[in-house]
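Student: I am attaching a structure below and will ask some questions about it afterwards.
The values are calculated or read from the model by the stated rules, or taken from the named source; none is laboratory data. Keep in mind that this is a model prediction, so the values were computed, not measured. Ideal geometry is used to build each Cβ from the backbone, glycine not excepted, and the neighbour counts take in all protein chains shown. Surface areas here come from the heavy atoms of the whole protein model, side chains and all, with no ligands, DNA or RNA. Shrake-Rupley method; radii C 1.70, N 1.55, O 1.52, S 1.80 Å.
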Amino acid sequence: MGEGFSHFDEKGNAVMVDVSGKNDTCRTAVAVGEIHVGPEIMEAVTGGNIKKGDVLGVARVAGIMGVKRTSDLIPMCHPLFIQKCAVDYQLEEEKGIIRVFCTVKTQGKTGVEMEALTGVQVTLLTIYDMCKAIDKGMVMTNIHLIEKTGGKSGEFRFGEKNETCSSNYVK
C-alpha cells in the first residue's frame, strides 16, 4: 500500500502494527485542546454552579478514563500499560477559553500520542456535556499533539518541523 501507512498489509488489509521487535523505551506525549464557552458557562464553571457537579474535576477523571480506554476506541491502537496520566487546565476567563492539557507516559514498544489526544477530547466532551444545559454553542478546537518523546522516530515538538497544519494554529 502507500509508503508510510503501516496499518495496511501488502494487499491493503487493515492490520495492527507488529511491535514485537521494537525496544522498550520511555514514551511520553502531551496533547492540548480548547473549548470556547460563553460568559455564563465560564462563570458557572469557575464558581462551581453547575447542577451536574464539579465540571473540571469530573472532566479530569473522564479524560484519564479515556486515556485508559483508547485501544477500545481506536481500532489499531495497542492496549498499553499507562504509567502516568495527568489532565490539567488553563483558563482564559475573559476570552471564554478552557484549555485542556493531557500528559501520558509509559515504558513500552509503542507511543502514547493517541492516548494523550483521546484524553483531551474526552475531557472536552465531558465539559460540553456538563454545560450544554446552559448553552449548546460551545466550540471544541485546536486539538493537537504538542510533543512526544521516545521510540524510533524520536522527539516531536509542534511547530518545529513545518508540519502540514501547524501554521493554522496559534500557540
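Student: Taking region 58-79 only, how many residues are surrounded by fewer than 17 Cβ atoms within 10 Å (Cβ to Cβ) and touching a Cys at 6+ places or on another chain (Cβ under 6 Å)?
Tutor: 1
Student: Yes or no: region 38-48 includes at least one residue that is assigned to a loop (DSSP other than H, G, I, E, B), of a type in the set (Gly, Ala, Ser) and surrounded by 12 or more Cβ atoms within 10 Å (Cβ to Cβ).
Tutor: Our first condition is that a residue be assigned to a loop (DSSP other than H, G, I, E, B); within region 38-48, this holds for 38, 48.
Filter once more, so that each one left must be of a type in the set (Gly, Ala, Ser): 38, 48.
Next, only the ones that are surrounded by 12 or more Cβ atoms within 10 Å (Cβ to Cβ) stay: 38.
Taking every residue of region 38-48 in turn, at least one turns out to be assigned to a loop (DSSP other than H, G, I, E, B), of a type in the set (Gly, Ala, Ser) and surrounded by 12 or more Cβ atoms within 10 Å (Cβ to Cβ).
Student: Quick check on this structure: which one of ILE82, ILE97 is open to solvent by less than 30 Å² (accessible area, probe 1.4 Å) and modelled with pLDDT of 95 or more? Steps first, please.
Tutor: On the way: ILE82 fails: open to solvent by less than 30 Å² (accessible area, probe 1.4 Å).
When all the criteria are applied, what remains is ILE97.
Student: For region 100-114, enumerate the residues that are among the aliphatic types (A, V, I, L, M) and open to solvent by 50 Å² or more (accessible area, probe 1.4 Å).
Tutor: Taking region 100-114 first, the residues among the aliphatic types (A, V, I, L, M) are 100, 104, 112, 114.
Correct list: MET114 only.
Student: Another question, then. Would you call MET16 in contact with an Asp or Glu (Cβ under 8 Å, 6 or more places away or on another chain) and either open to solvent by 80 Å² or more (accessible area, probe 1.4 Å) or modelled with pLDDT of 90 or more (or both)? Explain how you work it out, then say what you get.
Tutor: On the way: in contact with an Asp or Glu (Cβ under 8 Å, 6 or more places away or on another chain): no; either open to solvent by 80 Å² or more (accessible area, probe 1.4 Å) or modelled with pLDDT of 90 or more (or both): yes.
Here the answer is no, as MET16 does not meet what is asked.
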